[in-house]
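Data first, discussion second: the structure below is written as structure tokens.
The values are calculated or read from the model by the stated rules, or taken from the named source; none is laboratory data. Everything numeric in this text was worked out from a predicted model, so none of it was measured. With ligands, DNA and RNA removed, areas are computed over all heavy atoms of the protein, side chains included. Shrake-Rupley method; radii C 1.70, N 1.55, O 1.52, S 1.80 Å.
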Amino acid sequence: MFQDPKRYQAKHHYVTAAGADLVEILAPRAGERVLDLGCGTGQLSAQIAAAGAEVVGIDSSAEMIEAAREQFPDLSFVVGDARDFSFAESFDAVFSNATLHWVKPPEEALACIVACLGQGGRFVAELGGARNVATIRQGLIGQLAARGFHPQSPWYFPNLGEYTRLVEQAGLRVAYASHFLRPTPLEGESGLRDWMAMFAETLTADVPPPMREELWDAVEDAVRPALYDEGGWHADYWRLRMVAYKE
Ligand code: BEZ
């Protein structure tokens, strides 16, 4: 998904900052085994480990895992696909922040999550929900279409009913679920283009690099009325949060 850990940490640390209160919802306890699914560079894994839990971080990006191992050599990190993983020993909790909207089909990830949880184990997750970054997406897709590009969306942003149904069908009982708007400040005057360059790489993969600056300019112009004010740029994040149990 992401191959540049330095850029990710330097410009997109709000992803981790926003995940800190998800760690509070997880409420890890000493001695628990917790899987951090989509751990990236491991910042939230380290917060979970600080509570005394035994954490394993998993991410599909070898570069992110390498950076996580460098920063947190005492923790355990593995490269793995969210749709196809298994562990010999079960977990008390699977935690996942800002990852599952990249994983299609969702059923495959949920099957692996359920299989690796022990009886009574919990799944605590946040992902982009319906309407997530809709203004940015519409701006990008509109400007790409005007230039003859019609890429597939790399994202899965379900609504609350659809995702809770999938989670329950996979074998968990949903105890809490919420879908809410979290306008998220993007740092600096280049905040929106930094976000697009990092996160919309797959949407713009066919756009020749010399055309990209002009594309970013056009998207900025299109979405500025909705996403720019005296505080600078913000992204229209809609989050889906849930806690579910394996009974
Ligand atoms: C998100 O965390 O909601 C997100 C991040 C990157 C691209 C799309 C959505």
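Per-structure values
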| read-out | value |
| --- | --- |
| The range 94-160: Rg to Rh, with Rh as the Kirkwood radius over Cα pairs | 1.12 |
| Helix 160-170 vs. the chain, principal-axis angle (Cα, 0 to 90°, nearest 10) | 40 |
| Relative contact order, percent, the range 159-247 [alpha-carbon distance under 8 Å, six or more residues apart] | 56 |
| For the chain, diffusion coefficient by Stokes-Einstein and Kirkwood Rh (Cα), 37 °C, 0.692 mPa s, µm²/s | 175 |
| Mean accessible surface per residue for the range 41-108, computed with a 1.4 Å probe while every protein chain stays in place, in Å² | 44 |
| Calculated SAXS-style log₁₀ I(q)/I(0) at q = 0.30 Å⁻¹ - the range 58-106, Debye, Cα scatterers | -1.29 |
| Ellipticity estimate at 222 nm from DSSP helix runs (n ≥ 4, -39,500 (n - 2.57)) divided over the chain, nearest 500 | -12500 deg cm²/dmol |
